1. Under the √(5λ) rule applied to the eigenvalues of the Cα gyration tensor, what semi-axes describe the equivalent ellipsoid of the range 88-194? Give them in Å, descending.
2. Kindly state, to the nearest 0.05, the FRET efficiency for SER152 paired with VAL75, given R0 = 35 Å and r defined as their beta-carbon distance.
3. For the range 1-148, with every protein chain kept in place, what is the accessible area per residue (1.4 Å probe, Å²)?
4. Only loop residues by DSSP count here, and only those with at most 13 other Cβ atoms within 10 Å; note down the chymotrypsin sites (Phe, Trp or Tyr not before Pro) in the range 5-41 that meet that.
5. Over all directions, the average projected area of the alpha-carbon convex hull for the range 1-155 comes to how many nm²?
6. Just to verify a number: FRET efficiency for ALA160 and ARG183, C-beta to C-beta distance, R0 = 25 Å, to 0.05?
7. For the range 52-102, which GluC sites (Glu not before Pro) are both in a DSSP coil and crowded by at most 13 other Cβ atoms within 10 Å?
8. Please go through the range 1-61 and write out the trypsin sites (Lys or Arg not before Pro) that DSSP classes as loop and that have at most 11 other C-beta atoms within 10 Å.
Amino acid sequence: LGDTYAAMKRWDEAIEQYRKGAAQVSDPSPFKKRIADAEFSRGNADAAIAEYAELAKSEKAGPAIFDALGAAYQVTNRRAEAERTFKAMVARFPNNPLSYFKLGSFYGYVENYDAAIATLKDGLARTPENPALLKALSLAYLRRGDQADAISEGERLVHANPANLGEVAYLATLYDGAGETQRAPELYRQILAAAPDDMLALTNYAALLSA
């Protein structure tokens with residue numbers, strides 16, 4: 001019932017139902033997580049943070065709790081707290097790629113690209129072909145102005161996920177931006193062979209041909 005109220009954005013009633021559920025079970029953390037989510041969704045960030053922070057104290061707290069807490073700090077511009085939370089996530093879950101992705105993405109958000117790159121590399125040392133980490137690393141290099149490294153990581157990304165046309169398109173835009181007039185069209189042709197109606201690929205391919 002709480003989820004039904006939440007879907008209707010009837011937050012007071014949703015939270016009331018979640019609190020009732022929490023009082024009836026031995027492990028109330030799933031209900032408390034929903035309470036925090038509801039508080040955040042209705043714009044009560046402080047209440048949400050208090051709930052998430054309390055949940056994070058438990059040894060049973062999973063990555064989703066740290067992710068939500070760090071994100072709440074980040075969107076409310078509490079950067080020191082967000083960094084501390086994402087670092088704690090890495091320390092608690094060192095084998096989970098999401099930990100490195102979240103900390104690396106935070107560093108990218110605050111434009112600390114050196115720290116972002118170092119963090120993402122640490123994650124890739126544990127999961128070398130993780131697509132989210134590879135994409136984030138490529139973007140961090142690109143935003144730092146290291147076009148060659150951005151392309152290198154983009155190539156690793158496509159090698160690990162050759163059937164993902166979105167990643168192929170990303171690499172094509174990197175080639176295009178670097179003036180790779182042979183490799184970019186090849187990738188656009190590859191995309192169009194699999195998805196002839198891809199308008200972005202059609203537009204970009206046509207632009208290259210007319211250049």
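The values are calculated or read from the model by the stated rules, or taken from the named source; none is laboratory data. Treat the numbers as computed from the prediction; the structure is a model and nothing was measured. Reconstructed Cβ throughout: ideal geometry from the backbone, glycine too, with neighbour counts over all protein chains shown. Just the protein is used for accessible areas: all its heavy atoms, side chains included, with ligands, DNA and RNA removed. Shrake-Rupley method; radii C 1.70, N 1.55, O 1.52, S 1.80 Å.
1. Working: eigenvalues 142, 48, 16 Å².
One finds semi-axes of 27, 15, 9 Å for the range 88-194.
2. Details: r = 32 Å, r/R0 = 0.91.
Given R0 = 35 Å and the Cβ-Cβ separation, E is 0.65.
3. Details: 7850 Å² over 148 residues.
Ligands and nucleic acids excluded, the figure is 53 Å² per residue.
4. Working: sites: TYR5, TRP11, TYR18, PHE31, PHE40; in loops: none.
When the chymotrypsin sites (Phe, Trp or Tyr not before Pro) of the range 5-41 are filtered for loop state and at most 13 Cβ neighbours within 10 Å, nothing remains.
5. On the way: hull surface 40.0 nm².
Hull-based average projected area comes out at 10.0 nm².
6. Values: r = 18 Å, r/R0 = 0.72.
For R0 = 25 Å, the calculated efficiency reads 0.90.
7. Values: sites: GLU54, GLU59, GLU81, GLU83; in loops: GLU59.
Answer in residue order: GLU59.
8. On the way: sites: LYS9, ARG10, ARG19, LYS20, LYS32, LYS33, ARG34, ARG42, LYS57, LYS60; in loops: LYS9, ARG10, ARG42, LYS57, LYS60.
The qualifying sites are LYS9, LYS57, LYS60.
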